[in-house]
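The values are calculated or read from the model by the stated rules, or taken from the named source; none is laboratory data. A quick note: this is a predicted structure, and the numbers were derived from the prediction, not measured. Note that we place each Cβ from the backbone using ideal geometry, even for glycine, and neighbour counts take in every protein chain shown. Surface accessibility is based on the protein's heavy atoms, side chains included, excluding ligands, DNA and RNA. Shrake-Rupley method; radii C 1.70, N 1.55, O 1.52, S 1.80 Å.
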Amino acid sequence: MDIFNAYTTKEERNSALNWCKTDDLDLIALAHAIKNNKGTESTLLEGKQRQLLTLTRTRRKEIVRRSSLLVEIRTLMDHIWREYQGYAIELNGKRKTQKIFSDLWGKSSLFFMEHYPHPSDILSLGEWGLKKLSKEHNLKLRSATIQRLLFAAEQSIARSKKELAPEFLVLKMRLQDLQKINGNIEVLEREKALTSVLSIIHLVLQMRAVR
């Protein structure tokens with residue numbers, strides 16, 4: 001299969017083909033390019049290379065989908081409990097944002113977004129309830145994280161849970177979507193790694209056969 005640079009066909013059109021209609025002009029430009037051997041040969045990928053290309057492209061699409069989903073979840077949490085993603089504190093005379101979780105998308109943070117997304121939920125649990133929850137679900141919450149959760153819940157001015165019912169529903173759906181996409185990406189990455197190894201093995205065997 002030959003591939004032609006757009007600039008090549010443009011030059012062919014400009015050289016001596018201005019007497020043709022647009023469609024005919026394009027076809028004749030390509031014909032002249034073929035005649036003058038201006039194309040570059042390109043072979044279609046086959047075997048493991050084609051499989052790797054498919055896996056890589058699909059993984060990239062899933063990552064783009066996940067990026068959009070993360071933005072949507074952040075926006076939902078802003079509507080439900082703005083301070084969940086961080087609250088302002090004074091440090092050495094300067095204002096900075098104190099994050100509750102070091103990783104907003106880690107296991108602990110996702111657990112609370114799914115099961116206890118409203119500040120009133122945290123206040124109802126209290127320090128003892130949060131410690132118990134951490135132990136039962138292996139969340140590994142540090143004392144500092146628990147204190148930050150409680151402080152952010154106390155300082156929050158959030159709408160009532162009844163009023164936020166639509167946001168809770170959409171949040172739950174989006175978190176389920178996130179879990180599914182993360183699973184898809186993991187599967188694709190494993191398959192890609194396996195295919196890469198098999199491709200290398202196949203290449204090595206071919207080289208040995210040639211020798």
Item to complete: Work out from phi, with θ = phi - 60° and the Karplus expression 6.51 cos²θ - 1.76 cosθ + 1.60, the ³J(HN,Hα) of each residue of the stretch 73-90, listed in order in whole Hz, and give x for Gly and Pro.
Response: 5, 4, 5, 4, 5, 4, 6, 7, 8, 4, 6, 4, 8, x, 10, 7, 9, 9
Discussion item. Sequence gap at least 6, Cα distance under 8 Å: using those rules, report the relative contact order of the stretch 71-211 to the nearest whole percent.
Written reply: 26
Worksheet item: What is the ratio of the Cα radius of gyration of the stretch 73-210 to 2.2 N^0.38 Å, where N is its residue count, to two decimals?
Response: 1.50
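How large is the accessible surface per residue of the stretch 100-197, computed with a 1.4 Å probe and reported in Å² as a whole number?
61
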Discussion item. So, taking all protein chains as they sit and a 1.4 Å probe, how much accessible area belongs to Lys61, in Å² rounded to tens?
Written reply: 140
Worksheet item: Just the accessible area for Met173, please: 1.4 Å probe, Å², rounded to the nearest 10?
Response: 90
Discussion item. With a 1.4 Å probe and all protein chains kept in place, how much accessible area does Lys99 have, in Å² rounded to the nearest 10?
Written reply: 120
Worksheet item: Under unit Cβ charges (Lys, Arg +1; Asp, Glu -1), what dipole magnitude, rounded to 20 debye, does the stretch 92-211 have relative to its Cα centre?
Response: 420
Worksheet item: Where the accessible area of the stretch 140-191 is counted over protein heavy atoms with a 1.4 Å probe, how much of it, in %, is carbon and sulfur?
Response: 50
Response to the item:
Placing each pseudo-label 7 Å from Cα in the direction of the beta carbon, Val64 and Lys172 end up separated by a distance in nanometres of 3.2
